[in-house]
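**Student:** Questions regarding the structure given below will be posed in turn.
The values are calculated or read from the model by the stated rules, or taken from the named source; none is laboratory data. Please read these numbers as outputs of a predicted model, since none were measured by experiment. When we count neighbours, we look across all protein chains shown, and the Cβ atoms used for this are built from the backbone with ideal geometry, even at glycine.
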Amino acid sequence: STICVHGLGYIGLPTAAMFANYGYEVVGYDVSEELVSRLNQGDVHIEEPGLRAFVTQALESGKLRIESEIVPSKYHLICVPTPFDTESQRADLSYVEAAASATTPHLRTGDTVILESTVPPGTTVGTVQPILEESGFEAGKDVALVHCPETVLTGDMITELKQNDRVIGGVNGVSTEAAVRLYETFLEGEIRTAANATTAEFVKLLQNTYRDTNIALANEVAKLARDYRIDSRAAIELANSHPRVDLHQPGPGVGGHCLPIDPWFLGQESDELDLVARARQINDEMPAYVVNLVDDHFESLAGRKIAILGIAYKGNVGDTRMSPGLQVAAQLRAIELTDEDSDGPAEPPRISLNDPHVTDQTRDLEDLETAIDGADAVVITCDHDEYAAIDPETLASRMRGSVVVDTKAIVDEDAYRESALTVVRL
Ligand code: SAJ
């Protein structure tokens, strides 16, 4: 084949289908035999609008084959996960190392290896290159070696894959050129070349770190605004009317598999992470702040029913990785109750969870009506379209209490107040 894509997850699968739909002979490879056989039956495991049809088109054209073996290819794209190892506080590069090792025996002179996975600066040169060179090939001379990070947003992946600009950095100019020629076949966005692979790795992390740090500032603004009794969103909108101000939005915390992790990758081989680390903490502390907003409305949360609306990590997606909603739920369940009057241990609050986008059966999700029935408080933790459409009259009639904590500012405050609901916004 021309291209072998290693790892058929969130990035590898759409990328493999993209190249196939642009006429390349592509083999999609994954270590999971189960995933390979599911995909071959047309069962796409990733929930993403349009992805199933996009992959099916690639499979049916015969240009994309899903296999459980690596095949010799002109281009090898490594799209494996790089999880954050919480114990060592470092990137777990074992999947990248395994993919590089597995590729090495199949390499031929003139092939190109492209690392797409998000990695700490220095990984392409420091980790991948030595593994490839064990075969006797010299990176940059016999084989090209490049970092070309993906930058797609879930929910709009296929469009973003095509339209976003890409940063490409190779171990030398020849390597960079090889990757540029490949990606320019489908890319509508600009290709920008970085001086080297480490710069490209650094830039990818910097983009997510910028966003995370900016959100931390917005979260601090929300807390300040509460103390001044003003609306943080209105203040941010007015501030953003200045041509050089671009504040993001506050929320119940920062979730997903990128923003909460990439700032730590950025600082992994340096001692200089300071503002960025504090921003990370501020965002991590937001679920606790939301819990306090709820708690402030009650003498005690003992025996109360609290509905959490939204356990996805953000609006209109079904992905629950590092979900702020789940954090809020966990912290409410673990809340220290100071019910001194009761004889026995106080009954913890009962938490109901709803999310129309999440299909994960292990989460004990309830339908919206059941979740809000008899609730003393409702906490909206995702800006799903379904939640903006909730009728306040119905909500008020089903709830026992009246507190609605709207961490994403998506409900119509005036209409909610008219229905005698107490709206608390971040
Ligand atoms: N969030 C806020 N306030 C905001 C924006 C987002 O609290 O103003 C929260 C969201 O609710 C969510 C978290 O941040 O919990 C992350 O969401 P996101 O939409 O910012 O980002 P991701 O994780 O879905 O995707 C990011 C994107 N990076 C940038 O926009 C710089 C995407 O382009 C990357 O490809 C992706 O990370 C990645 O894979 O690295």
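**Student:** Please go through the stretch 9-60 and give me each residue that is within 20 Å of GLU160 (Cα to Cα), of a type in the set (A, V, I, L, M, F, W, C) and more than 16 Å from the ligand (Cβ to nearest atom), ordered by number.
**Tutor:** Scanning the stretch 9-60 gives ALA16, ALA17, PHE19, ALA20, VAL44, ALA53, PHE54, VAL55, ALA58.
**Student:** Something else now. Filtering the stretch 155-187 down to residues that are β-branched (Val, Ile, Thr) and more than 15 Å from the ligand (Cβ to nearest atom), which residue is nearest to the chain's Cα centre (by Cα)? Outline the logic, then answer.
**Tutor:** Applying the first criterion (β-branched (Val, Ile, Thr)) to the stretch 155-187 yields 158-159, 167-168, 171, 174, 176, 180, 185.
When the remaining residues are screened for being more than 15 Å from the ligand (Cβ to nearest atom), the result is 168, 171, 174, 176, 180, 185.
Details: ILE168: 22, VAL171: 28, VAL174: 33, THR176: 27, VAL180: 26, THR185: 27 Å.
Step by step, filter the stretch 155-187, then rank; the result is ILE168.
**Student:** Then there's this: Taking the options PRO149, PRO121, name whichever one is outside the structural domain of HIS357 (by TED's automatic domain parsing) and more than 14 Å from the ligand (Cβ to nearest atom).
**Tutor:** Numbers: PRO149 fails: more than 14 Å from the ligand (Cβ to nearest atom).
It is PRO121.
**Student:** Another one. Of everything in the stretch 43-60 that's of a type in the set (Asp, Glu) and under 21 Å from GLY7 (Cβ atoms), which residue is modelled with the highest pLDDT? Walk me through how you get there before you give the answer.
**Tutor:** Here is the first cut: in the stretch 43-60, the residues of a type in the set (Asp, Glu) are 43, 47-48, 60.
Subset that is under 21 Å from GLY7 (Cβ atoms): 43, 47-48.
On the way: ASP43: 92, GLU47: 81, GLU48: 85.
Ranking the qualifying residues of the stretch 43-60, first place goes to ASP43.
**Student:** Which residue pairs have Cβ atoms closer than 6 Å, lie 6 or more positions apart in sequence or on different chains, and pair a first residue in the stretch 207-230 that is over 14 Å from VAL276 (Cβ atoms) with a second residue that is in a helix (DSSP H, G or I) and more than 14 Å from the ligand (Cβ to nearest atom)?
**Tutor:** ALA225/ALA235
**Student:** Which residue pairs have Cβ atoms under 6 Å apart, sit 6 or more places apart or on different chains, and have a first residue in the stretch 385-404 that is in the same structural domain as LEU368 (by TED's automatic domain parsing) and a second that is in a strand (DSSP E or B)?
**Tutor:** What qualifies is TYR387/LEU309; TYR387/ILE380; GLY401/ALA377; SER402/THR422; VAL403/ALA377; VAL403/THR422; VAL404/VAL378; VAL404/VAL423.
**Student:** Further question: Would you check which residues across the stretch 394-423 are aliphatic (A, V, I, L, M) and under 18 Å from GLU369 (Cα atoms) and list them? Lay out the reasoning, then the answer.
**Tutor:** Of the stretch 394-423, the ones aliphatic (A, V, I, L, M) are 395-396, 399, 403-405, 409-411, 415, 420-421, 423.
Passing the criteria: LEU395, ALA396, MET399, VAL403, VAL404, VAL405, VAL411, LEU421.
**Student:** I would also like to ask the following. Quick check on the stretch 312-323. Is at least one of its residues aromatic (Phe, Trp, Tyr), crowded, with 20+ Cβ neighbours inside 10 Å, under 30 Å from LEU51 (Cα atoms) and out of contact with any strand residue (DSSP E or B) (no Cβ under 8 Å at 6 or more places or on another chain)?
**Tutor:** To start, the set of residues in the stretch 312-323 that are aromatic (Phe, Trp, Tyr) comprises 313.
Now narrow it down to the ones that are crowded, with 20+ Cβ neighbours inside 10 Å: 313.
If we keep only those that are under 30 Å from LEU51 (Cα atoms) too, we end up with 313.
Restricting the remaining residues to those that are out of contact with any strand residue (DSSP E or B) (no Cβ under 8 Å at 6 or more places or on another chain) gives 313.
So far as the stretch 312-323 goes, yes, one or more of its residues are aromatic (Phe, Trp, Tyr), crowded, with 20+ Cβ neighbours inside 10 Å, under 30 Å from LEU51 (Cα atoms) and out of contact with any strand residue (DSSP E or B) (no Cβ under 8 Å at 6 or more places or on another chain).
**Student:** Exactly one condition in (1) outside any loop (DSSP other than H, G, I, E, B); (2) touching a residue at least 60 places away in the same chain (Cβ under 8 Å) is false for GLU47; which is it?
**Tutor:** Just one mismatch for GLU47, condition (1).
**Student:** Checking THR209 against (1) among the β-branched types (Val, Ile, Thr); (2) loosely packed, with under 15 Cβ neighbours inside 10 Å; (3) not assigned by TED's automatic domain parsing to the domain that holds LEU93, which single condition isn't satisfied?
**Tutor:** Evaluating THR209 over (1) among the β-branched types (Val, Ile, Thr); (2) loosely packed, with under 15 Cβ neighbours inside 10 Å; (3) not assigned by TED's automatic domain parsing to the domain that holds LEU93 leaves (2) as the failure.
**Student:** Shifting gears a bit: Among (1) touching a residue at least 40 places away in the same chain (Cβ under 8 Å); (2) assigned to a helix (DSSP H, G or I); (3) farther than 30 Å from ALA91 by Cα; (4) away from the ligand (no atom under 16 Å from the Cβ), which single condition is LEU293 missing?
**Tutor:** (4)
**Student:** Do we have any residue at all in the stretch 278-285 that's crowded, with 23+ Cβ neighbours inside 10 Å, touching a Gly at 6+ places or on another chain (Cβ under 8 Å) and assigned to a helix (DSSP H, G or I)?
**Tutor:** Yes, the stretch 278-285 contains at least one residue that is crowded, with 23+ Cβ neighbours inside 10 Å, touching a Gly at 6+ places or on another chain (Cβ under 8 Å) and assigned to a helix (DSSP H, G or I).
**Student:** Count, please, the residues in the stretch 172-208 that happen to be more than 24 Å from MET157 (Cβ to Cβ), outside any helix (DSSP H, G or I) and among the aliphatic types (A, V, I, L, M).
**Tutor:** Within the stretch 172-208, residues that are more than 24 Å from MET157 (Cβ to Cβ), outside any helix (DSSP H, G or I) and among the aliphatic types (A, V, I, L, M) number 1.
**Student:** Sticking with this structure for a sec: Any residue that is at pLDDT 95 or above, outside any loop (DSSP other than H, G, I, E, B) and within 12 Å of the ligand (Cβ to nearest atom) - is there at least one of those in the stretch 306-324?
**Tutor:** Checked the stretch 306-324: at least one residue is at pLDDT 95 or above, outside any loop (DSSP other than H, G, I, E, B) and within 12 Å of the ligand (Cβ to nearest atom).
**Student:** Something else now. Let me confirm something: among ASN219, ASN214, ASN208, which residue is modelled with pLDDT of 95 or more, near the ligand (Cβ under 10 Å from one of its atoms) and over 26 Å from GLU160 (Cα atoms)? Let's see the steps before the verdict.
**Tutor:** Values: ASN214 fails: over 26 Å from GLU160 (Cα atoms); ASN208 fails: over 26 Å from GLU160 (Cα atoms).
Result of the check over ASN219, ASN214, ASN208: ASN219.
**Student:** Still on this structure, please answer the following. Does the stretch 238-259 contain any residue that is more than 14 Å from the ligand (Cβ to nearest atom), at pLDDT 95 or above, surrounded by fewer than 20 Cβ atoms within 10 Å (Cβ to Cβ) and in a helix (DSSP H, G or I)?
**Tutor:** Yes, the stretch 238-259 has at least one match.
**Student:** Looking at ILE158, ILE168, ILE131, can you tell me which residue is in the same structural domain as PHE19 (by TED's automatic domain parsing), surrounded by fewer than 20 Cβ atoms within 10 Å (Cβ to Cβ) and at pLDDT 95 or above? Working first, answer last.
**Tutor:** Working: ILE158 fails: at pLDDT 95 or above; ILE168 fails: surrounded by fewer than 20 Cβ atoms within 10 Å (Cβ to Cβ).
It is ILE131.
**Student:** Okay, next question. Being touching a residue at least 12 places away in the same chain (Cβ under 8 Å) and either in contact with a Cys (Cβ under 6 Å, 6 or more places away or on another chain) or assigned to a helix (DSSP H, G or I) (or both) is the filter here; which residues of the stretch 352-366 pass it? Full working, then the answer.
**Tutor:** Pass one, the stretch 352-366, residues touching a residue at least 12 places away in the same chain (Cβ under 8 Å): 352-360, 363, 365-366.
Across the stretch 352-366, the qualifying residue is only ARG363.
**Student:** May I pose another question? Return the pair list, or none, for Cβ contacts closer than 6 Å from residues in the stretch 137-164 that are within 24 Å of ASP383 (Cα to Cα) to residues that are outside any loop (DSSP other than H, G, I, E, B), at least 6 apart or on different chains.
**Tutor:** VAL152/GLU160; VAL152/LEU161; LEU153/GLU160; MET157/PRO14; ILE158/PHE54; LEU161/PRO14; LEU161/MET18
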